[in-house]
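What follows is one structure encoded as structure tokens, with my remarks underneath.
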Amino acid sequence: MIRKLANVFRGQLKYNGNSFQNVPPTWYSETSKAFYCTKSENESQAQNDDSARGGRGKSNIRKPPLPAIQNPFANVTNKTKESYLAMLEIFEERDVHRRNHVEFIYAALRNMADFGVEHDIEVYKALINVMPKGKFIPTNVFQAEFMHYPKQQQCIIDLLEQMEDLGVMPDYEMEAMLLNVFGRRGHPLRKYWRMMYWMPKFKNLSPWPLPNPIPDDTLNIAQLAVERMCTVDLRSKISVYETKNVQDSIDDTWIVSGMSAEQSQLLRDHPRDKAVYIEGPFLIWLRNRSINYFTLRADPDPNLLQSLQEDQEDQDDVSRLKAPFFGASIPRPKNAVGKNRSVHQQEDGTIFAICATGTSTKDSLLSWIRLLESNGNPTLGEIPVLFRFKSVVTAKAIEIEDKAKSDNLQSNPSSKTTD
């Protein structure tokens with residue numbers, strides 16, 4: 001009774017002479033009704049259903065509860081960063097207590113990719129700012145170790161993990177925000193400290209730095225990919241060709257080719273009666289972008305394979321120890337003059353050049369061979385060039401065809417005997 005009288009003074013209950021009635025708070029409007037649902041609404045709905053049934057008691061059919069919060073980001077037509085931040089501001093100004101803030105943050109995290117803000121640190125800081133300040137700070141060591149307010153802390157930890165997965169580097173302003181929300185002994189702040197220790201170590205560790213963000217132009221992506229693969233030889237030259245300059249070409253596209261002077265010499269020394277192969281397409285990833293590339297290669301040199309087998313003697317093999325006894329001299333290795341192996345000569349073959357085309361078709365690759373021949377490699381006109389395409393589509397088609405044949409045999413077993 002005392003609690004009801006206190007709620008009367010707060011304006012949450014109203015006494016009409018016979019009973020107490022619920023009075024919605026001032027912030028509860030028709031606009032916010034689409035995002036919030038209170039317990040009193042469910043109870044009043046149940047009472048109305050009982051009265052409609054003639055007061056026979058509660059029904060055995062349990063109705064699903066109304067959602068605590070809907071997804072406000074699904075109905076936005078203009079999905080930009082400004083509209084995303086505007087939705088956050090509307091949620092902060094709608095309710096002083098910021099009820100259902102955890103569900104709202106999870107809904108915002110799921111829809112970040114639709115708005116294109118998943119790599120923006122300003123948006124992540126705005127999401128952290130949705131959390132109430134000072135309420136979730138632990139007051140003793142037991143609350144700190146047993147994760148005081150686990151739902152709220154796990155929500156921000158998931159936010160930080162999404163930043164870590166996408167490579168978004170936090171800053172010191174985010175540390176101050178987490179300190180105001182969860183305190184110095186909160187688990188999200190510990191996660192932030194671990195990220196600030198490891199992420200700067202791996203940020204500039206790659207020897208092939210890439211622009212951030214990666215350009216959307218396929219030609220620029222191809223140039224970055226070919227330059228990365230050609231770093232094995234510092235004398236490699238990257239060339240960009242247009243197939244419209246090639247006579248009798250069908251595809252009108254670009255070609256990014258990489259070849260060094262040493263590879264040109266290997267191609268000139270290649271026997272004229274042995275074919276070279278165009279193999280591919282192979283896939284290379286540049287962050288979240290990928291592109292196909294092709295290689296011009298030849299079969300491995302047998303003399304090179306023999307020298308590699310001779311050089312592969314294990315010096316740590318103790319089963320064949322050569323120790324002198326009774327004054328015998330130690331056998332010395334033969335002082336044979338060997339040929340220095342190039343970095344382009346591998347065990348599976350010799351790589352002459354690599355390329356990436358805009359269409360990845362046979363006609364564009366044929367134009368690539370003609371362009372290489374006219375730009376310092378005339379021996380390509382005397383060497384047979386064969387195509388070795390590796391495609392998962394063909395293998396999948398064969399698998400589907402075999403499955404269709406087996407199903408046909410199972411449905412019509414007499415067809416096998418008649419054949």
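What do you reckon, is N129 assigned by TED's automatic domain parsing to the domain that holds C155, more than 23 Å from D171 (Cα to Cα) and not charged (D, E, K, R)? Even if it seems obvious, please write down each step before you answer.
Values: assigned by TED's automatic domain parsing to the domain that holds C155: yes; more than 23 Å from D171 (Cα to Cα): no; not charged (D, E, K, R): yes.
In short, no.
Could you check how many residues of the stretch 282-303 are surrounded by fewer than 16 Cβ atoms within 10 Å (Cβ to Cβ) and not aromatic (F, W, Y)?
9
Take the residues in the stretch 235-281 that are among the aliphatic types (A, V, I, L, M) and over 18 Å from T350 (Cβ atoms), then tell me which one is surrounded by the most Cβ atoms within 10 Å (Cβ to Cβ).
So in the stretch 235-281, the residues among the aliphatic types (A, V, I, L, M) come out as 238, 240, 246, 250, 255-256, 259, 261, 266-267, 275-276, 278.
Checking which are over 18 Å from T350 (Cβ atoms) leaves us with 238, 240, 246, 250, 255-256.
Details: I238: 13, V240: 12, V246: 20, I250: 14, I255: 24, V256: 26.
Restricting to residues being among the aliphatic types (A, V, I, L, M) and over 18 Å from T350 (Cβ atoms), the top hit is V256.
Looking at the stretch 265-305 only, could you name the residues that are touching a Leu at 6+ places or on another chain (Cβ under 7 Å) and free of Cβ contacts under 8 Å to residues at least 40 places away in the same chain?
S290
Quick one: would you say K322 is surrounded by 10 or more Cβ atoms within 10 Å (Cβ to Cβ), of a type outside the set (A, V, I, L, M, F, W, C) and at pLDDT below 70?
For K322, the condition - surrounded by 10 or more Cβ atoms within 10 Å (Cβ to Cβ), of a type outside the set (A, V, I, L, M, F, W, C) and at pLDDT below 70 - is not met.
Of all residues in the stretch 155-176, which are farther than 25 Å from L286 by Cβ and free of Cβ contacts under 8 Å to residues at least 24 places away in the same chain?
Listed by number, the residues that qualify are Y172, E175, A176.
Residues that are surrounded by 14 or more Cβ atoms within 10 Å (Cβ to Cβ) and at pLDDT 90 or above, at least 3 per element: which helices (runs of 4 or more DSSP H) completely within the stretch 132-215 meet that?
Numbers: elements: 141-145, 150-166, 172-182, 187-203.
The helices (runs of 4 or more DSSP H) meeting that bar are 150-166, 172-182, 187-203.
Between a first residue in the stretch 330-351 that is within 20 Å of F294 (Cβ to Cβ) and small (G, A, S) and a second residue that is surrounded by 10 or more Cβ atoms within 10 Å (Cβ to Cβ) and modelled with pLDDT of 80 or more, which pairs have beta carbons less than 7 Å apart while being 6 or more apart in sequence or on different chains?
Cβ pairs passing all conditions: G349/R297; G349/A298; G349/D299; G349/P300.
Tell me, yes or no, whether the stretch 182-198 has at least one residue that is assigned by TED's automatic domain parsing to the domain that holds E93, of a type in the set (G, A, S) and within 26 Å of the chain's Cα centre (by Cα). Even if it seems obvious, please write down each step before you answer.
Taking the stretch 182-198 first, the residues assigned by TED's automatic domain parsing to the domain that holds E93 are 182-198.
Within this subset, residues satisfying the condition of being of a type in the set (G, A, S) are 183, 186.
Cutting the leftovers down to within 26 Å of the chain's Cα centre (by Cα) gives us none.
No, the stretch 182-198 contains no residue that is assigned by TED's automatic domain parsing to the domain that holds E93, of a type in the set (G, A, S) and within 26 Å of the chain's Cα centre (by Cα).
Could you check P378 against (1) farther than 17 Å from F294 by Cα; (2) modelled with pLDDT under 65 and say which number it fails?
Only one criterion is unmet by P378, namely (2).
I need the helices (runs of 4 or more DSSP H) fully contained in the stretch 30-126, keeping only those with at least 1 residues that are at pLDDT 85 or above.
Fully inside the stretch 30-126 and qualifying: 81-94, 101-110, 112-115.
In this structure, does D363 turn out to be among the charged types (D, E, K, R) and at pLDDT below 65? Quick ask: steps written out before the conclusion?
Details: among the charged types (D, E, K, R): yes; at pLDDT below 65: no.
No; evaluated as a whole, the condition is false for this residue.
The values are calculated or read from the model by the stated rules, or taken from the named source; none is laboratory data. Keep in mind the model is a prediction, meaning the values are calculated, not measured. A quick note on method: Cβ atoms are made from the backbone with ideal geometry, for glycine too, and the neighbour counts reach across all protein chains shown.
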